[in-house]
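Q: Got a structure here, written out as structure tokens. Questions coming.
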């Protein structure tokens, strides 16, 4: 029987080399996959991998929930991946000739852009809430469900014929578009500021 994460963490804290190897083997794919999916190359990914497991060694005795080691590793890897991405962006920007400086994308979202996005989400949510019950329920199942649902599942939940979901969906989305159009504010001109 495989030891639990908590058992492996305790054994590693005691200096058990075999437990450490087993722990690394258990989570190496997970830790390696996060920076790769984020677009880091092999070298940067290996650096993230090493930093994450070095950090784990340094924090073994302070892990409050060793049974949630996978969550700790995912969080630590995402943070280290972000740091590595930022370091690479800064390095590229510093090495890029000035005429190519515009090619180095700034991946940071501007505060104004984030506010606009949040406001649009709130407007959309308010418009969805104003739909008639049948439309609102359909839109929520189609677009807000945690897991994508098939038309068969949606039809069962709403007591509808599966073949009517598409046409009803189209009418509901049109109503939603009209509600959103009615709530849009005209742009503020510079003179009004």
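Bear in mind these aren't lab numbers, they're just calculated from the coordinates by the rules spelled out. Nothing here was measured: the structure is a model prediction, and the numbers come from that model. Every residue, glycine among them, receives a Cβ derived from its backbone with ideal geometry; neighbour counts consider all protein chains shown.
Q: Tell me, what is the FRET efficiency for residue 2 and residue 174 to the nearest 0.05, using R0 = 45 angstrom and their Cβ-Cβ distance as r?
A: Efficiency, rounded to the nearest 0.05: 0.25.
Q: Pairs of alpha-carbon atoms within less than 8 angstrom and 6+ residues apart define the contacts here; what relative contact order does the stretch 111-185 have, in percent?
A: Value for the stretch 111-185: 35 percent.
Q: How far apart, in nm, are two points set 7 Å out from the Cα along the Cα-to-Cβ line at residue 134 and at residue 74?
A: Using points 7 Å along Cα→Cβ, the separation is 3.9 nm.
Q: Next up: I need the calculated FRET efficiency for the pair residue 88 and residue 29, taking r as the beta carbon distance and R₀ as 25 Å, to the nearest 0.05.
A: 0.65
Q: Figure the gain on full extension for residue 158 and residue 38 (residue separation times 0.36 nm, minus the Cα-Cα span) and round it to one decimal in nm.
A: 39.3 nm
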